[in-house]
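So the structure is just underneath, and the comments pick up after that.
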Amino acid sequence: MCGRGKDRYGIDSERIVINRRGGHVAPDTVSLRYFLVLAQELNFTRAAARIGIAQPALSARMRRLEAELGTALLVRNTRSVVLTTAGAALAESAPPALAALDRAWDTARSAAAGELGTLRIGYSLSTGAETAPALVDKLIHSSPGLEVGAVPMATPEISPAVADGRIDAGITRGEQPGRGVRRFLLRRQRVGVQLAQHHPLAEHPEVEIADAAAYPLRLPDRAANPVIHDQLSALFRDTRPHPRFHTPAVSFDMSQRDLRDGVTLAPAGEAAATAQPAGLTWRPLRGAPGLTIHLVLPREQSPLHRRVRAVAKTLAHELHWLPD
């Protein structure tokens, strides 16, 4: 029995119901795949052995398939099997249909695993030299069906943007406050100072905090990242005399022009050592606590968010971003 109507998506379609007297019904794909093996072998015994089932079970499957389609597919005798006109047509048209169905299942599985779709990542400028590109590259190569876009953002804006869905994930320095999100530790870095290669302290493999405090210290604008600003300034809280802090007019200057005077130092995580402009270097501060980089995701997570979390965890392990 069949009729006309709209399916769940509002599309006009023929409603198909099982009619045990020969109405339309789509056969199960297992029987259809068995039929294709039989159509190649034209022998029940060989086909059953190839499939791995008993020959009577294969015969029963084929009889049920013919009943569902309402037509004979095979002409049987004691020695051979011959395809009917309907059987030959089915043998020709079924493989591409099954391949399309397999692709549909694969697409559904990939979507359920968070491997399809569009992923929007916001990252703070200070994570853009190394951490954010590494994660984006890993996501692209591990999930070819995923379209990844990344954009630099002011750090205080990242957690709210994740919470309200403007972006899917964020990468921030420090454990930034924010409601409606979850933060996962992605990377832990030593703290040091950027300085000119001809700076007197550049001769030392490590720099004492008190020695660094004797020079002008450049800190990031507190409005841009209160967490990191406060953490870096706290390193020098107990030094005497108090260090001279200043904030550059340009919030993020890739050329680091103010450090080239050979006097000014800039407290920074060790990732700064991998992207130094010519003439500058980085030295760790002895005894300083580490800085952290976090992955920010919504509190309620989809398969896509869980995929990002899994890839980030793998990446952190591969690049030794976190202690074992």
(message) For a quick check: with amide H placed at 1.01 Å from N, whose amide H comes under 5 Å from Leu186's, ignoring anything fewer than 5 positions away on the same chain?
(response) Ile293, His294, Leu295
(request) Run the accessible area of segment 176-324 with a 1.4 Å probe and give the carbon-and-sulfur part as a rounded percent. (result) 52 percent
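Rounded to the nearest whole Å², what accessible area per residue is found for segment 35-104 with the 1.4 Å probe? Don't jump to the answer; show the numbers that get you there.
Working: 3970 Å² over 70 residues.
With the other protein chains kept in place, segment 35-104 gives 57 Å² per residue.
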(request) Grab the other residues whose beta carbon is less than 9 angstrom from that of Val207, score K and R as +1, D and E as -1, and report the net. (result) -1
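Do any GluC sites (Glu not before Pro) in segment 218-324 lie in a loop, going by DSSP, with at most 11 other beta-carbon atoms within 10 Å of their beta carbon, and if so which? Intermediate results must be reported in sequence, preceding the final value.
Details: sites: Glu270, Glu300, Glu318; in loops: Glu300.
Those that pass, being in a loop and sparsely packed, are Glu300.
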(request) Compute the separation of the alpha-carbon centres of segment 151-186 and segment 236-305 and state it in Å as a whole number. (result) 19 Å
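Express the accessible area of segment 192-324 per residue in Å², computed with a 1.4 Å probe while the remaining protein chains stay in the model.
On the way: 6850 Å² over 133 residues.
Computed with neighbouring chains in place, this is 52 Å² per residue.
The values are calculated or read from the model by the stated rules, or taken from the named source; none is laboratory data. Please read all numbers here as calculations on a predicted model, not as lab measurements. Here Cβ is always computed from backbone atoms with ideal geometry, including for glycine, and neighbour counts include all displayed protein chains. Only protein heavy atoms, including side chains, enter the accessible area calculation; ligands, DNA and RNA are left aside. Shrake-Rupley method; radii C 1.70, N 1.55, O 1.52, S 1.80 Å.
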